[in-house]
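To start, the structure under review is shown below, and the notes come after it.
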Amino acid sequence: MTTKSAATEPGRELGHTMLPRQLTMMGLGSAIGAGLFLGSGAGVQAAGPAVLLSYLVAGTLIIIVMWALGEMAAANPVSGAFSVYAQRALGNTAGATVGWLWWLQLVVVIAAEALGAAGLLFTVWPVVPVWALSLIFMAVFTAINLAGVKNFGEFEFWFAILKVAAIVIFLIIGAALILGLLPDVPGPGLSVITADFAPAGLGGIATALFVVIFAFGGTEIVSVAAAETRDPERSVRHAIRTVVWRILVFYIGSVFVIAAVLPSTSEALKSPFAGVLDAARIPGAGAAITLVAVVALLSALNANLYGASRMAFSLSQRGEAPRVLSRLNAARVPVVAVAVSVAFGFVAAILELLFPDRILPALFQLVGSTCLVVWGSALVSQLVLRRRADREGTALPLRMKGFPVLTIVGLVLLALIFAVGFSSPESSKQLVSTLILVAAIAAACWAAARFGRTRRTDG
């Protein structure tokens, strides 16, 4: 590893005005979105209360991945993050493949967040159709992303504060409901969980695992944002330590409440947070939490659009994407990269008009397992770069504890997830599709690099 970046050119650099508190809350903002407020219900439907096992496995993996990314980001804060680390550890084709795969993943997630937020808002305010609301959200958050990283970070900070507060209140109400502490509301206790813990068996847990992985996807954006943060070494260290445990508490706590209150066959799992609060018989609470969920989804959209545009910018700076994507506006924001990254979201909104209620489920399925490839590349890169740094005697500002054991444990968990995934027809299709996509991107990156070299030589 090195503390000097070679991924940007002088005079074409991003700003460095994001505050440490904004970086921390961005990590939460990118992860607490559609995956929690909508995907958690799909996970319970797939696996029943056994979805908690899926969350524990994925949660352990994301802790290890975040520690590995934190070590590399503190040593080398660049906008390409794990794409750059993969390039330095495994070669140019690997770095470009990981970068483009993550960009495609976020592009799809952005569309999913917009449609999810629009669908939830429509349930409490059925005036503007879902597709139109989605278009409005995309336009607004494109403008916010173009306003400059400091303004973007402040907006994201307060968005994240609101949804974290809402989740804490949800957990308190859910605990009171389960324990029977609410007046005139019978408490279910653990009866729902113990009655049928794994109704779909191992296959259901495997299917839910990929829903859960989608939910945790986005936490790696902290390593991308480090490049535009003041004092990145300290900021990354603080963000990694706080984001990981907060996400686990919020996710596992919320899913435990949902699984304990709503059976896997409940229609309320379509909007699980509202379903739990409706079961608690708190007037207006269901509508209120639905509005909070809308804010959460929009916050995640905001953060993911930021991440996608910075990855496109980094790929352009390294010659792995068209040079126009590195063009900056007066606020030192990659304006073309933002526009390209948000374009699919506008297309998805039109598709929602043509195919109502069919686009969001398809988007969830499309990106569920791409996270596994990105996380795997991060772990392998950290294994290679850390050994290289130790061999060369390079001092690192942040060192992952338990190396190399924890890194290897993370890779073993990834291998087990793939093995379990291939045991289920539903998830195996998703895995095969992901592997085909990765191979296609890698082939395109290799061919583009070779063609580029040949053209420069001929010229």
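A simple rule links phi to the HN-Hα coupling: the Karplus curve 6.51 cos²θ - 1.76 cosθ + 1.60 with θ = phi - 60°, which for region 97-114 gives 4, 5, x, 5, 4, 5, 4, 4, 4, 5, 4, 5, 4, 4, 5, 5, 5, 5 Hz, with x for Gly and Pro.
Derived scalar couplings between HN and Hα for region 420-429 equal 5, x, 6, 7, 10, x, 5, 6, 5, 4 Hz in order, rounded to whole Hz, by the Karplus curve 6.51 cos²θ - 1.76 cosθ + 1.60 (θ = phi - 60°), x for Gly and Pro. With 0.36 nm allotted per residue and the present C-alpha distance subtracted, the V185-H238 stretch has 14.9 nm of extension available. Database remark: amide H of G187 closer than 5 angstrom to the amide H of G180 (H placed geometrically; neighbours at sequence offset of 5 or more, or on other chains; Pro and chain starts carry no H). Per-atom-type breakdown for the chain gives carbon and sulfur 68% of the accessible area (1.4 Å probe, protein chains only). If only the Cβ of Lys and Arg carry +1 and only the Cβ of Asp and Glu carry -1, the dipole of the chain around its Cα centre is close to 1480 debye. Think of a 1.4 Å ball rolled over the protein heavy atoms: the chain then has 38 Å² of accessible area per residue.
In order along region 298-305, the Karplus-derived 3J(HN,Hα) couplings, from 6.51 cos²θ - 1.76 cosθ + 1.60 at θ = phi - 60°, round to 5, 4, 5, 4, 4, 5, 6, 5 Hz, and Gly and Pro are given as x. Contact order, relative form, for the chain: 34 percent (alpha carbon pairs under 8 Å, 6 or more residues apart, mean separation divided by residue count). For the chain, the residue among S377, I289, G204 whose Cα projects farthest onto the positive side of the dipole built from Cβ charges is S377.
Using the average count of surrounding beta-carbon atoms within 10 Å as a protection proxy, the listed peptides 180-186, 400-406, 161-167, 296-302 rank, highest first, as 296-302, 161-167, 400-406, 180-186. Helical content alone sets the calculated 222 nm signal of the chain at -25000 deg cm²/dmol, taking -39,500 (n - 2.57) per DSSP H segment of four or more residues and averaging over every residue.
The values are calculated or read from the model by the stated rules, or taken from the named source; none is laboratory data. Here the structure is a predicted model, which means the values were calculated and not measured. Cβ coordinates were reconstructed from backbone atoms using ideal geometry, including for glycine residues, and neighbour counts include every protein chain displayed. The protein model used for the area step is the full one, side chains on, heavy atoms only, and it has no ligands, DNA or RNA in it. Shrake-Rupley method; radii C 1.70, N 1.55, O 1.52, S 1.80 Å.
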